[in-house]
Amino acid sequence: MSYKRSSGILLHPTSLPGPDGLGDLGADAHQWVLSLSKMGFEFWQILPLGPTGYGDSPYQCFSAFAGNPLLVSSLFLIEDGLLTFDDLADRPAFSNEFVDYGKAIPWKNRLLNTAFANFKASPRSELKKKFDNFCQQEHTWLDDYALFMAIKDAYHGEPWNKWAPPLKMREKNALLQFSNEHHDSILCHQFRQFLFFRQWQDIKQYANSLGIKIIGDIPIFVAYDSADAWSNPDLFYFDKNRDAIVVAGVPPDYFSVTGQLWGNPLYLWKTHQDTAYDWWIKRIKSTLALVDIIRLDHFRGFVDYWEIPAGMPTAEIGQWKPGPGKEFFDAINTSLGNLPLIAEDLGQINPQVYQLRDELALPGMKILQFGFGNGPEDNFLPHNYPIHCVAYTGTHDNDTAIGWFETAQEKEKDFCRRYLNSSGEDIAWDMIRCIWASVANIAIAPLQDFLQKGSEARMNFPGRASGNWAWRFQNHEITPELINRIAEINYLYGRTLKS
């Protein structure tokens, strides 16, 4: 699929302003979408929207289908009659600049539980009818997810391989007994999903009404501690006790000298093939109900993937194994049609990956920060870009432009200044201008770069287990001057949204 000349901003919803400790889907989110329109953007790129677990990473979620209920706006729940302002009276003092998940999660859970209690006690049949319709429409994943989360609650958050064997192994009688004894807990998790999807669809419809499309992520792998792995064990390399035999990661690379040990279970691709990739088709279809374009994270894994024996301390020991290749995409396209996809083709890439990407006519990614270490021939320099690509100053896995420049080797900094014809004093905007002027059909930068933030605003440090995903912006930072400056650069380089 080809894209016209356009631009976007990378910002995850947790980074939005909001009164309850982390960004949410309330009025500030709607204001953000309106600002994107004023700036002339066609795209808002986000990270995965799933319910996060240990480490708060959107790439390690409890479900590949569910939404993150922490993003539900409490103020919109007041409008729904599910909360009152009295329920917010003892709100903790939260930072506006960073997410303190340790404080925010208990607070949001308390509000969601109160909303559920009020929902059960309410005679409002209209909302209950919408909830019942939602549960019926989404039952293929929602039932297992809500049951999974309810059992997890009963086990105080323990991963599913620590549960009693009958529940771990999904014995029918054990699940039925648990469901009968914990009906309200299961219903509460279904209700949280109803609230999330309701608020997110309002955001998406508003964005689409302004001509803005949302780019969302599908991480190729799912978390071990997820409803997906627990309810579909036959799809993964598990032993008879349903422990992972091998896990995912990447060997040593630009980001880490010991590689990245992700720890996700690996797919039994033969089983997926035998089921005509049914689980994947459902996953992609579900994601496309939330976003307009999908970025396939770790696209390389569909060609070959790094298999690490379970229990290894790092990702250094492993082997490359073949992925499903073009057959996978043929099956997906046969079922769902020609899909709007972006291939994340970064890292150690072999020619077969580029060949598959080009056979599928997918745009790949170019990261400007990667371009200054190897001279003029480097493929990450804009004069070497193909038209059919998405160019970034950096992504959520990179430092900010300013943070990168301040810590880069002097040789890279020198080449960067010469290439950009820059003193380095306004390096973030110099890098933005460079990729905006490039031939790349789509140019995207994180909001941090437009705001000229340093390393304190970095979103993620690959390989670091905690302390990530916390940065937030504040409404006063989106000034009329900034909106005008961004609108101007979109206009000058022919990337203004055409309504």
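How many residues, within the range 311-330, are surrounded by fewer than 17 Cβ atoms within 10 Å (Cβ to Cβ), out of contact with any Gly (no Cβ under 6 Å at 6 or more places or on another chain) and not β-branched (Val, Ile, Thr)? Lay out the reasoning, then the answer.
From the range 311-330, those surrounded by fewer than 17 Cβ atoms within 10 Å (Cβ to Cβ) are 311-313, 316-317, 319-322, 325-327, 330; that's our starting set.
Next, from what is left, pick out any that are out of contact with any Gly (no Cβ under 6 Å at 6 or more places or on another chain): 311-313, 317, 319-322, 325-327, 330.
Retained after the next criterion (residues that are not β-branched (Val, Ile, Thr)): 311-313, 319-322, 325-327, 330.
Within the range 311-330, residues that are surrounded by fewer than 17 Cβ atoms within 10 Å (Cβ to Cβ), out of contact with any Gly (no Cβ under 6 Å at 6 or more places or on another chain) and not β-branched (Val, Ile, Thr) number 11.
For the range 387-431, how many residues are in contact with a helix residue (DSSP H, G or I) (Cβ under 6 Å, 6 or more places away or on another chain) and farther than 22 Å from LEU362 by Cβ?
Taking the range 387-431 and keeping what is in contact with a helix residue (DSSP H, G or I) (Cβ under 6 Å, 6 or more places away or on another chain), we get 391, 393-394, 398-405, 412, 415-416, 420, 422, 424, 427-428, 430-431.
Remaining after also requiring farther than 22 Å from LEU362 by Cβ: 399-405, 412, 415-416, 420, 422, 424, 427-428, 430-431.
Here the count works out to 17.
Just a yes or no: is a residue in the range 351-362 closer than 22 Å to PHE473 by Cβ and not in a helix (DSSP H, G or I)?
From the range 351-362, those closer than 22 Å to PHE473 by Cβ are none; that's our starting set.
No, there is no match, as no residue in the range 351-362 is closer than 22 Å to PHE473 by Cβ and not in a helix (DSSP H, G or I).
Does at least one position in the range 411-427 carry a residue that is surrounded by fewer than 20 Cβ atoms within 10 Å (Cβ to Cβ) and farther than 20 Å from PRO376 by Cα?
yes
Here's a check for you: in the range 35-80, which residue that is over 20 Å from ASP217 (Cα atoms) and out of contact with any helix residue (DSSP H, G or I) (no Cβ under 8 Å at 6 or more places or on another chain) is surrounded by the most Cβ atoms within 10 Å (Cβ to Cβ)? Can you show your working first?
Here is the first cut: in the range 35-80, the residues over 20 Å from ASP217 (Cα atoms) are 35, 37-40, 73-80.
If we keep only those that are out of contact with any helix residue (DSSP H, G or I) (no Cβ under 8 Å at 6 or more places or on another chain) too, we end up with 37, 79.
Numbers: SER37: 19, GLU79: 10.
Going through the qualifying residues, I end up with SER37.
Going through LEU34, LEU47 one at a time, which residue ends up being of a type in the set (A, V, I, L, M), in contact (Cβ under 8 Å) with a residue 12 or more places away in the chain and more than 18 Å from SER209 (Cβ to Cβ)?
LEU47
May I ask you to list the residues in the range 23-51 that are out of contact with any Leu (no Cβ under 8 Å at 6 or more places or on another chain) and more than 23 Å from THR395 (Cβ to Cβ)? Show your work before the answer.
Going residue by residue through the range 23-51, those that are out of contact with any Leu (no Cβ under 8 Å at 6 or more places or on another chain) are 30-31, 35, 38-39, 43, 47-48, 50.
Across the range 23-51, the qualifying residues are HIS30, GLN31, LYS38.
Please state which of the following conditions PHE370 fails to meet, knowing it meets all the rest: (1) among the aromatic types (Phe, Trp, Tyr); (2) surrounded by fewer than 22 Cβ atoms within 10 Å (Cβ to Cβ); (3) in contact with a strand residue (DSSP E or B) (Cβ under 7 Å, 6 or more places away or on another chain).
Condition not satisfied by PHE370: (3).
Do any residues in the range 66-77 that are farther than 27 Å from SER226 by Cβ have Cβ atoms under 7 Å from those of residues that are not in a loop (DSSP other than H, G, I, E, B), where the two are at least six apart or on different chains, and which pairs are they?
Listed pairs, sorted by first residue: LEU75/ALA27; PHE76/GLN199.
What tally of residues in the range 384-412 results from selecting those that are touching a residue at least 40 places away in the same chain (Cβ under 8 Å), in a helix (DSSP H, G or I) and not hydroxyl-bearing (Ser, Thr, Tyr)?
The number of residues fulfilling the criteria is 5.
Consider ARG170 against the criteria (1) in a helix (DSSP H, G or I); (2) surrounded by 14 or more Cβ atoms within 10 Å (Cβ to Cβ); (3) touching a residue at least 40 places away in the same chain (Cβ under 8 Å): it satisfies all of them except one. Which criterion is unmet?
Failing condition for ARG170: (1).
Only residues that are more than 30 Å from SER455 (Cβ to Cβ), among the hydroxyl-bearing types (Ser, Thr, Tyr) and modelled with pLDDT of 95 or more: list them for the range 82-122, please.
THR84, THR114
Taking the range 247-282, which residues are outside any helix (DSSP H, G or I), surrounded by fewer than 20 Cβ atoms within 10 Å (Cβ to Cβ) and not charged (D, E, K, R)?
PRO251, PRO252, TYR254, PHE255, SER256, VAL257, THR258, GLY263, LEU268, THR275, ALA276
The values are calculated or read from the model by the stated rules, or taken from the named source; none is laboratory data. These numbers come from a predicted model, not from an experiment. Positions of Cβ are backbone-derived with ideal geometry, glycine not excepted, and every protein chain shown enters the neighbour counts.
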